[in-house]
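S.K.: First the structure, then my questions, so here it is.
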Amino acid sequence: MKKIVYDNLNEELYYKQLENGLDVYLMPKRGFNKTYATFTTKFGSIDNKLNLNGEEVTLPNGIAHFLEHKLFESETGDITEEFSKFGANSNAFTTYDRTSYLISCTSNIEDNITLLIDFVQNPYFTDESVEKEKGIIKEEIQMYNDIPDARIMFETMKSIYKSHPVRNDIAGSIESIDKITPEVLYECYETYYHPSNMLLFIVGDYDIPKMMELIESNQREKGYEKKEITHYNFDEELELNEKEKVIEMQDVFPKLMLGVKGSPDIYKDDLSKYKMSMMIYLDILFGRSSENYERLFKDKLINYTFSVLPYVEEKFSSVLIAGDSNDPEKLKDELLKCLEMDVSKESFKNVKKKFYGSMLKLLNSPEGIANEFTAYKFNGIDLFDIVNVVENITFEDVIKLKSYFKKENICSVILKTKAK
Amino acid sequence: MKYILNKDYGYDIHMIETDKFKTNTISIKFTSELKRENITKRALLPSILYSGCKKYKTKRELVMYLEELYDASISLSMSKVGNLSIISISINYINEEYIGEEMLPKVIDLFKEVVFKPLIIDEGFDKEKLLEEKRLLNENIDSLNDDKTGYALDKMKEYMYENEKMKIKAIGYKKDLDSITPENLYEEYKYMIENDKVDVIVAGKFNNLAPFEDFSFSNKEIVSCLDLETKDIHKTEEYKEIQDVNQAKLNIGYRTEIRFNDELYYAMVVGNSLLGSAPNSMLFQTVREEHSLCYYIRSVYNPYKGVIHLYSGINADTYENAYKIISEQIEKLKKGDFSDQLLHNVKKSLVNDILEMMDRQATLISKAYQDILIGREFGIETMIETIENITREDIMSAASRIKEDTIFLLTNKEGE
């Protein structure tokens, strides 16, 4: 077991890769009542193919999310109930690139961790239970269809991408999930839920060596052998799928979302530096202390819903800029102008202080730590090291990013109220 | 973790001392009686204070200063709890040991600037700034329709509490905005400073408290937080609204008349948790898991008013079936028809939630504030013990007081 010390953050982390390939990270948080754990597989909504004995199989959209739901059912019943016997809260979520199972508890810590590992490693799907789950997931899809912010986000991803699977809704569609069967769930499971493809993160006030021993012996007994998991890359041209789009919903506050299309090729060698530089660049351009933010407020074009979301990921890259606006067309023009501006060096002044402060704030939250750590790790970045990455970023590194925002790579989606 | 009531500075500081966080939080709460007449003004006060003070004339200047303080964050908000309206101003900042410079004097100073030295011109707030804050409030109210879950819940409350102050919306009212002037808003501000009860609650690690001397507050009494208004229920009121939604929303309001001060309070907490707020509640197990009728279903108990709000997202076709199953679960709760195992799980989950509450500064502070309001000690041992000792009979007594009051359905069908 390796101990990593982060002096500037007053934190330490223990790491071991088990023989079966599972990455285990244990982090002490003295004085906390709660232990929080995430068990995550690098299998998300974009993984729409799998290698079955050398043959490439296409998967129905939404299968990662469906699998997430289904794992909560075991042969003897509902896993949530098992956890609640030990007083633990359990949950799970699926993103574009991962599926995470999480628990938080204040007692029976070892029982709960064992249950977390065991239920994720013990799939049980039947025709009947898969059919029933379709009802619940259809309700979930319907619910998201009624949420304007979710709608505009999914629509923008569809405008940006022509074929990349990130354009598909995470939960899939009512048609695509209909195609899901226990067989295909098992195939996905066998491939992507192998320990070599997974990461376990536990943060809390517990005995670290004892915990590592418990996990190791649990894994040893199951007899997995380390293996290589094939992950597919996706071809995607830089050209947008659709430049402009207007969609309508009943009684909705008008919204704009700009989608800027990038490509992971530009930062292949230095994802962490590029990712942090992008966050800084966008903060200088549109952050709460930026001139643009102040002016757009004054011009009545934005309110507090205005937000910027950069994706600088291993497998795709885009930037979303969005907000409620009484005049989405005008906001669009103004934002496009902002993206052509040069930023001043003055605005770079407090960037490092700010990053250090926000990292320390994140460290108050066991949930934040485990989830962010995993998200960064799956992109090959150590979360606790990004303070150092930021420390080494120069103003020149940051302003280079202006070239990411070429007009021909920017699309817009406007959401409006349907006329009655 | 240690709770100390510090009276050294002529007013009460409720201190929660702990070194497990990287930050300190200081929160000041201005509390007064909830009233319809001034609710929109009170909703605007936090925003107008944030929009500029003598020293930091604009939001941008303020944010830039916060960034210089290692991304300290300030939050100003107004909320309602039972009978009360609360204006909260909190600052969360990095603990001094990480940055090797004194922060507390700067933070106290910042409070003083933002709260006590607003930008005032001719006995009024800045006109332009007020216009901007009105616009933002207006847009905020307009965008409430985007969230159908919240919309349906609000509608249900409007019907259920038609003649009670519970229906007052803390977000404020559009129709009030025109009559609010820089001058009368400033009057409201002065009234708040002079008459509101003030509570200072802090959580974190404080080495030198001297800067707190810079505040001066006087201790004031206030009306009870409990909302005692109620009405006789003759029969359940049912309302329906048709909208172009994919998922229907079914909300039901119940009265229990069991409030914080009732001996059945903890029994109602456990009972509601069994019914619909624990992870594996009776409603979740039946409506969602057994019958696949919804994606979410939850019941929330409000002990200031003694009511339960149930909300769910269902398929429009299955409304009647869902309603039937929900009613069955309430009957089961009244009859004590639930397993020992579930009761045990629910109690464990409640105890777990209480313990987890102590792991976040924000929830620590809200707990301390709630304790002040209802006159409870800060410790959690008694709460936990009481919950653990609740019996099936206690729950049946509490549940027997659940009365269905109002049903609101947001759906896409004309129906029967």
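The values are calculated or read from the model by the stated rules, or taken from the named source; none is laboratory data. Predicted, not measured: the structure shown is a model, and the values here were computed from it. Using ideal geometry, Cβ is built from the backbone for each residue, glycine included, and neighbour counts are taken over all protein chains shown.
S.K.: Take the residues in the range A:372-392 that are β-branched (Val, Ile, Thr) and within 27 Å of A:ILE229 (Cα to Cα); name whichever of them is surrounded by the fewest Cβ atoms within 10 Å (Cβ to Cβ).
M.R.: Per the criteria, the residue is A:ILE381.
S.K.: Conditions: (1) within 14 Å of another protein chain (Cβ to nearest Cβ); (2) within 20 Å of the chain's Cα centre (by Cα); (3) crowded, with 20+ Cβ neighbours inside 10 Å. B:ALA248 meets all but one. Number of the miss?
M.R.: Looking at each condition in turn, B:ALA248 falls short on (2).
S.K.: Can you confirm whether A:ASN303 is under 26 Å from A:GLU244 (Cβ atoms), outside the structural domain of A:ASP7 (by TED's automatic domain parsing), buried (at least 20 other Cβ atoms within 10 Å of the Cβ) and free of Cβ contacts under 8 Å to residues at least 24 places away in the same chain?
M.R.: So A:ASN303 passes the test.
S.K.: Inspect the range A:78-90 for any residue being in contact (Cβ under 8 Å) with a residue 60 or more places away in the chain and either in contact with a helix residue (DSSP H, G or I) (Cβ under 9 Å, 6 or more places away or on another chain) or surrounded by fewer than 22 Cβ atoms within 10 Å (Cβ to Cβ) (or both) and give the result as yes or no.
M.R.: no
S.K.: A follow-up question, please. Based on this model, can you work out whether A:LYS2 counts as modelled with pLDDT of 95 or more and within 14 Å of chain B (Cβ to nearest Cβ)? Give the derivation first.
M.R.: On the way: modelled with pLDDT of 95 or more: yes; within 14 Å of chain B (Cβ to nearest Cβ): no.
For A:LYS2, the condition - modelled with pLDDT of 95 or more and within 14 Å of chain B (Cβ to nearest Cβ) - is not met.
S.K.: Which of the helices (runs of 4 or more DSSP H) contained wholly in the range A:140-202 include at least 3 residues that are in contact with a Phe, Trp or Tyr (Cβ under 7 Å, 6 or more places away or on another chain) and at pLDDT below 95?
M.R.: Filter on the range A:140-202 gives an empty set.
S.K.: Between a residue in the range B:118-141 that is within 14 Å of chain A (Cβ to nearest Cβ) and touching a residue at least 40 places away in the same chain (Cβ under 8 Å) and any residue that is outside any helix (DSSP H, G or I) and among the aromatic types (Phe, Trp, Tyr), which pairs come within a Cβ distance under 9 Å, given they are 6 or more apart or on different chains?
M.R.: Matching pairs, first to second residue: B:GLU133/B:PHE125; B:LEU136/A:TYR304.
S.K.: Just checking: which of the helices (runs of 4 or more DSSP H) contained wholly in the range B:340-416 hold 1 or more residues that are within 30 Å of B:LYS235 (Cβ to Cβ) and more than 22 Å from the chain's Cα centre (by Cα)?
M.R.: Per the criteria, B:392-399.
S.K.: Could you grab me the full set of residues in the range A:63-103 that are touching a strand residue (DSSP E or B) at 6+ places or on another chain (Cβ under 8 Å), of a type in the set (Asp, Glu) and under 19 Å from B:GLN341 (Cα atoms)?
M.R.: A:GLU82
S.K.: OK, next. Please enumerate the residues belonging to the range A:109-129 that are at pLDDT 95 or above and within 14 Å of chain B (Cβ to nearest Cβ).
M.R.: Result: A:ILE109, A:ASP111, A:ASN112, A:LEU115.
S.K.: Right, something else. Which ones in the range A:349-371 are within 18 Å of A:VAL24 (Cα to Cα) and buried (at least 18 other Cβ atoms within 10 Å of the Cβ)?
M.R.: A:PRO366, A:ILE369, A:ALA370, A:ASN371
S.K.: Considering only residues that are in contact with a Lys or Arg (Cβ under 9 Å, 6 or more places away or on another chain) and of a type in the set (Val, Ile, Thr), look in the range B:200-235 and name the one that is surrounded by the most Cβ atoms within 10 Å (Cβ to Cβ).
M.R.: If we take residues in the range B:200-235 being in contact with a Lys or Arg (Cβ under 9 Å, 6 or more places away or on another chain) and of a type in the set (Val, Ile, Thr), then B:ILE201 is surrounded by the most Cβ atoms within 10 Å (Cβ to Cβ).
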